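The values are calculated or read from the model by the stated rules, or taken from the named source; none is laboratory data. From a predicted model like this one, the values you see are computed outputs, not experimental measurements. Virtual Cβ from ideal backbone geometry, glycine too; neighbours counted across all protein chains shown.
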Amino acid sequence: MEQEKTYFPLFQQTQRRLASWYVGIISIVLIILGFGVYEAIIHAHQITIEKELKTIAGTLHDSFEPMLDQPGILEDEVIQLMPNLCRVNNPCISKNNLSNYRLGAIEKGQYYLHLFDLSGNLVAFNGQQPKGLPIEKHQKQQEILKDSQQKRYLQISYMLHNRKGENWGYLQVVRSLEDFDNYLKNVAIILLLGLPLAILLIGASAWILTGLTMKPVSQSYRQIQQFTGDAAHELRTPLAAIRATVESHLMSSTLTEKEAKETLSILGRQTQRLSILVADLLMLSRLDWQLTSNSINIKYEKICLNNLISDVLEELASLAISLDVLLQADIRVNYPLEILGNTEQIYRLLFNLVVNGIQYTSKGGKVIIILERNNKLAIIKVKDTGIGINSQALKHIFERFYRVDQGRSRKEGGSGLGLSIAQAIAEAHHGKIEVRSEVNKGSLFILQLPINV
């Protein structure tokens, strides 16, 4: 816990930075997309409204043209066609009969009609005109107008012809943009309210995701710290013994041949212990690299597990005899069972499991290696009748430098890396190791390796 407090702020700060960058970049992208969507909506609606207004203006032009005669004079037929069309200074015709009213869109209150003569004088208009809306001939064919309440209107102007094809005057059709502006306001409100909410959700998601991302990094960092500390502790012990031995003999004025041999023997044992420890550390380092690099450049070959088990039994037979432990094999397949892998690593895996079983089995006990097959898996079981492992220690059995029995392991020269190396080799070969154990009843290690057929 003390170590976690030391480096936890480092990962928390990194998590904050990653989350901030993530939220910042996504927010910028969302703002750009939101602005783009808003502009696209405006453009699409503008095109639709302009097309709609031009269609109505064209329809009116085509409807009026056959009825018009003298320039600037509005015929009664036009008034009959549009009952709500009012001549300037004349009352509008009563809307008693609207059955012939074919241009109902003008009566919806969104469209306003102005007719001018060639001099630009207003001849007629329709309905109740918005207050403050300018009614005069404009030079532009299309423009935006505003009334006294600052409501917007789109106006289109056309030259109006009579039945003879002569210029009669000007036709102006005005459409209210109030519905369009209200729609855009609603879209803007949705975007303005939705964007902060989306950023908050993204921020929460970014914090969770970066936390999940940092979790394995934090765990790896803890493992590295623990591994470094344990390795330093393990290396310090033999180095301290070597240094003490050398210093004690250097302080002696005379050194007999027997003492020199004893000193060299001690130095040799400690040096051998250091060599084994360093070799184990190097193997773990290679296995870690093999796992992270997906073993792309690792050369695999066919391995006959039957023969490999025989080799392990042959090499460890003398150790088993010296400790009065019965070591035997139980091969439950009647044919060579082959897998793809690294022969040296698989041998080391089996060697470590069997050595572990022998070392933790009392005199008169037994260690059995079982080989069998289950579908596409090769199953190797190492069963012993040793001291067993309690449930608390069982959780840590594969941790590096962990020993179930500290005194026995150190006495027999164990570094506490054997089972860690075995597990790393199994994972590098896409396999796994399980362990079942009861105190004073022995342990069962189950190794599963895929068979590539």
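Please list, ordered by residue number, the helices (runs of 4 or more DSSP H) wholly in region 359-431 having 3 or more residues that are among the aliphatic types (A, V, I, L, M), modelled with pLDDT of 85 or more and within 24 Å of Ile331 (Cβ to Cβ).
418-428
Filter region 161-178 down to the residues that are in a strand (DSSP E or B) and either under 60 Å from the mean Cα position of the chain (by Cα) or of a type in the set (Asp, Glu) (or both), then identify the one that is nearest to Leu122 (Cα to Cα).
Quick first cut of region 161-178, residues in a strand (DSSP E or B) only: 161, 167-176.
Keeping just the survivors that are either under 60 Å from the mean Cα position of the chain (by Cα) or of a type in the set (Asp, Glu) (or both) gives 172-176.
Values: Gln172: 10, Val173: 13, Val174: 15, Arg175: 18, Ser176: 20 Å.
Once the filter is applied, the top-ranked residue is Gln172.
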Taking region 183-212 as the search range and keeping residues that are at pLDDT below 90 and polar (S, T, N, Q), which one is farthest from Ala40 (Cα to Cα)?
Thr210
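Restricting to strands (runs of 3 or more DSSP E) lying wholly in region 295-357: which have 1 or more residues that are under 43 Å from the mean Cα position of the chain (by Cα) and among the hydrophobic types (A, V, I, L, M, F, W, C)?
Working: elements: 301-304, 326-331, 338-341.
Fully inside region 295-357 and qualifying: 301-304, 338-341.
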Residues being closer than 20 Å to Ala241 by Cα and assigned to a loop (DSSP other than H, G, I, E, B): count how many of those fall in region 252-286.
2
Looking at (1) at pLDDT 90 or above; (2) under 21 Å from Leu417 (Cα atoms), find the lone condition where Glu344 falls short.
(1)
Restricting to region 326-351, name every residue that is in contact with a strand residue (DSSP E or B) (Cβ under 7 Å, 6 or more places away or on another chain) and not hydrophobic (A, V, I, L, M, F, W, C).
Gln328, Asp330, Arg332, Pro336, Glu338, Gly341, Thr343
Residue list for region 421-451, filter: of a type outside the set (A, V, I, L, M, F, W, C), buried (at least 22 other Cβ atoms within 10 Å of the Cβ) and in contact with a Leu (Cβ under 8 Å, 6 or more places away or on another chain):
His429
Answer yes or no: is there a residue in region 220-238 that is exposed (fewer than 15 other Cβ atoms within 10 Å of the Cβ), outside any helix (DSSP H, G or I) and at pLDDT below 80.
no
